[in-house]
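The values are calculated or read from the model by the stated rules, or taken from the named source; none is laboratory data. Keep in mind it's a predicted model, so treat the numbers as computed, not measured. Note that each Cβ is placed from the backbone with ideal geometry, even for glycine, and that neighbours are counted across all protein chains shown. When the accessible area is computed, the model is the full protein with side chains, heavy atoms only, and any ligands, DNA or RNA have been set aside. Shrake-Rupley method; radii C 1.70, N 1.55, O 1.52, S 1.80 Å.
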Amino acid sequence: MRIPTHSRPGHPRPASAQQSAFAADVIALTDALRIDRAILAGYDWGSRTGDIIATLRPERCKALVSATGYLIVNVEANKMPSPPKSEWAWRYQYYFATERGVLGLEKYRNDLARLVWRFNSPTWNFDEATFGRTAAAFQNPDYVSIVIDNYRWRLGLARGEHRYDAMEKRLAAAPVIEVPTITIDGAHDPFTPPGNGSTYRKKFTGKYAHRTLDTGHNIPQEAPQAFAAAVVEVDGF
């Protein structure tokens with residue numbers, strides 16, 4: 001079953017939120033800024049985008065810092081169930097597959113985000129000012145559409161754009177990443193795979209290091225100094 005991509009009444013459908021679209025946007029941004037090569041560092045959607053650029057456009061990526069390791073999505077493989085504990089952690093993703101979830105995100109975007117932050121980072125005592133700086137972005141008119149489309153696409157419930165088909169075909173093969181990389185896991189992140197990075201170690205074939213920090217999911221904000229240090233360190237690889 002395919003669920004139509006969500007768009008708000010009176011608003012055209014925004015650009016695709018599939019994984020390769022984000023990578024293409026970052027390449028376009030660096031082109032506009034005349035940056036030929038960059039160190040890419042991120043977590044969650046940012047990790048995935050960095051992984052993709054390092055894989056498909058390694059000449060544009062000097063080095064990589066990737067929280068939670070290798071996050072490139074294979075949509076077909078993603079249709080297979082995970083152990084119940086993992087599925088439970090992703091419950092909001094399945095909520096977004098319903099129209100009720102769309103309406104809930106529209107109406108309760110701040111409340112839902114705050115709940116997810118607290119679940120994903122159980123030891124992070126962020127204050128309202130910190131949350132508010134991010135929450136300002138939730139008012140972007142495309143926010144709901146982009147969030148819904150991304151999660152539905154990852155579940156195979158929303159179509160991607162044909163112009164990205166060649167990229168997605170290459171990514172579906174789970175190619176290795178050859179650029180110098182530091183991966184970071186959060187010890188309290190419910191999405192951290194077990195094994196201290198061993199589950200994805202073989203996906204990184206260049207110079208490599210792994211760190212586990214005393215954080216939850218949002219590593220750059222929970223441990224900004226350690227995250228920045230990893231960027232400096234990988235620059236010297």
Please give the per residue accessible area of the range 41-128, computed with a probe of 1.4 Å over protein heavy atoms only, in Å².
52
Can you tell me the alpha carbon radius of gyration of the chain divided by the globular rule-of-thumb value 2.2 N^0.38 Å?
1.00
Roughly what would the spin-label model give for Arg133 and Glu106, points 7 Å off Cα along C-beta, in nm?
3.2
Give me the percent relative contact order of the chain, please, defined on Cα pairs under 8 angstrom at least 6 residues apart.
29
What net charge is computed for the residues neighbouring Pro58, neighbours being all others with C-beta under 15 Å from the C-beta of Pro58, Lys and Arg scored +1, Asp and Glu -1?
+3
Under a plain spin-label model, where a point goes 7 Å from the Cα along Cα-to-Cβ, how far apart in nm are Lys207 and Val176?
1.8
Plugging the Cβ-Cβ distance of Ser86 and Ala32 into 1/(1 + (r/R0)^6) at R0 = 35 Å yields, to the nearest 0.05, a FRET efficiency of 0.35
Once you list every other residue whose beta carbon is under 10 Å from the beta carbon of Gly160, what net charge do they have if Lys and Arg are +1 and Asp and Glu are -1?
-2
Evaluate 2.2 N^0.38 Å with N set to the residue count of the range 103-199, then give the Cα radius of gyration divided by it.
1.37
D for the range 152-218, whole µm²/s, Stokes-Einstein with Kirkwood Rh over alpha-carbon pairs at 20 °C and 1.002 mPa s: what number?
151
